[in-house]
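Below: one structure, written as structure tokens.
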Amino acid sequence: MRVAKDAVLEANKICEGTVCYTGDILDPARAKYDLNYYVRKGRELKAAGAHILGLKDMAGLLKPAAARVLIKTLIEEVGLPIHFHTHDTSGIAASTILAACDAGVDAVDAAMDAFSGGTSQPCLGSIVEALRHTDRNTGLDIKSIRDISEYWEHVRQQYAAFESGLTAPASDVYLHEMPGGQFTNLKAQARSLGLEDRWSEVAQAYADANMIFGDIVKVTPSSKVLGDMALMMVSQKLSRTQVEDPLIDVAFPDSVVDMLKGNLGQPDGGWPSAIAAKVLKGEPAITHRPAANLPAVDLEAICSKLKQDLKIGMEGNEDKMIDDEDLNGYLMYPKVFMDYRARHRAYGPVRTLPTYTFFYGM
């Protein structure tokens, strides 16, 4: 992250450094992620030049009592403005936000009423109302919030096919610790593999996979790796004991091999040596910054070649140019970008279709 942070600072922009929350600081059995861990990370981010300290609770694991302790300590020990982000999978995230407000948090994330709850953020309108007539009054206009929410309520109906299927709060988030942003995707993956009716097994396998790899911070992209591992364990009926047994051969997903090679970076304390040896089968792992291995890129040359590959400017090609957004997309995800452009050439500018027509047909 340091390269990106330095670029932000050189551009004289606001730099927010973020520490991800996992585990439970009040649980002595999860000592890896205790209060000192978060203070240490906060101080490291401040020393790297961060103006704001983000606290990203991507799975909605932070409980109200823990929030009071953590926020208060970070304010005292780090001394940066605190921005708190959480998800409402368990159904108590609004309580956690209110506890964070009591502890002096500077900014919190919430979702418009119509899009709130579940794996999203807690309800903005309710939080505004809860803080009204208190010393943490937000000053936000509740009528405007309701008007905006009414608009989004109609929009949400058009995306019904993409709902998470979570019809009530789910306390099993404290078991699997799955990020809110991953929950829907993993359910769709499970459905495509015929495992949707075994979701409780997937959730348990996700928790087991986390411990197999040493209790890691589960956030994109590490969370996807655990999801791949969990689906593989359930579909092949593998237990944690079998996966960890050096005498039982396991064909690990490519994403797991990539992670243990060090291509996503290093977790706090490193990888457990036994599982790393089993996954890598003697292949070397890197312990330095993965992107340090990348060669320099000539942006103009890449852009020129991309135009040739896409036949841009040639007769019969409706595409007129490659802009910076296109170029960035190609550099990060070349295959996905080329597939997108191929569909665009085959079907035309489908983005102009009404949303409902695009997803459900006429």
Scanning the stretch 125-142 for residues that are among the polar types (S, T, N, Q), out of contact with any Ser or Thr (no Cβ under 9 Å at 6 or more places or on another chain) and surrounded by 14 or more Cβ atoms within 10 Å (Cβ to Cβ) gives 138
Determine whether the stretch 215-224 contains at least one residue that is open to solvent by 10 Å² or more (accessible area, probe 1.4 Å), assigned to a helix (DSSP H, G or I), hydroxyl-bearing (Ser, Thr, Tyr) and over 17 Å from residue 253 (Cβ atoms). no
For the stretch 156-170, pairs from a residue that is in a loop (DSSP other than H, G, I, E, B) to a residue that is of a type in the set (Val, Ile, Thr), with Cβ under 6 Å and 6 or more apart or across chains, are 158/355; 164/119; 164/184; 170/89
Pairs, please: C-beta under 7 Å, at least 6 apart or cross-chain, first residue open to solvent by less than 70 Å² (accessible area, probe 1.4 Å) and in the stretch 237-248, second at pLDDT 95 or above and part of a loop (DSSP other than H, G, I, E, B)? 238/250; 242/248; 243/250
Any residue in the stretch 132-151 that is assigned to a helix (DSSP H, G or I), of a type in the set (A, V, I, L, M) and either modelled with pLDDT under 95 or under 25 Å from the mean Cα position of the chain (by Cα) (or both)? no
For the stretch 275-298, how many residues are loosely packed, with under 12 Cβ neighbours inside 10 Å and under 29 Å from the mean Cα position of the chain (by Cα)? 11
So, first residue without any contact (Cβ under 8 Å) to a residue 40 or more places away in the chain and under 23 Å from residue 172 (Cα atoms) in the stretch 90-104, second residue of a type in the set (S, T, N, Q) and part of a helix (DSSP H, G or I), Cβ within less than 8 Å, six or more apart or across chains; the pairs are 94/126
Being closer than 17 Å to residue 149 by Cβ and among the aliphatic types (A, V, I, L, M) is the filter here; which residues of the stretch 125-138 pass it? 127, 128, 130
Failed criterion for residue 160 (all others in (1) more than 19 Å from residue 121 (Cβ to Cβ); (2) within 20 Å of the chain's Cα centre (by Cα); (3) at pLDDT below 95 hold): (2)
If a residue has to be open to solvent by 20 Å² or more (accessible area, probe 1.4 Å), over 20 Å from residue 145 (Cα atoms) and of a type in the set (A, V, I, L, M, F, W, C) to count, how many in the stretch 105-124 make the cut? 0
Hey, any hits in the stretch 122-137 for a residue that's without any contact (Cβ under 8 Å) to a residue 40 or more places away in the chain, under 30 Å from residue 196 (Cα atoms) and not acidic (Asp, Glu)? yes
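The values are calculated or read from the model by the stated rules, or taken from the named source; none is laboratory data. Values in this document were obtained by computation on a predicted structure and should not be read as measured data. Positions of Cβ are generated from backbone atoms using ideal geometry, with glycine treated the same way; all protein chains shown enter the neighbour counts. When the accessible area is computed, the model is the full protein with side chains, heavy atoms only, and any ligands, DNA or RNA have been set aside. Shrake-Rupley method; radii C 1.70, N 1.55, O 1.52, S 1.80 Å.
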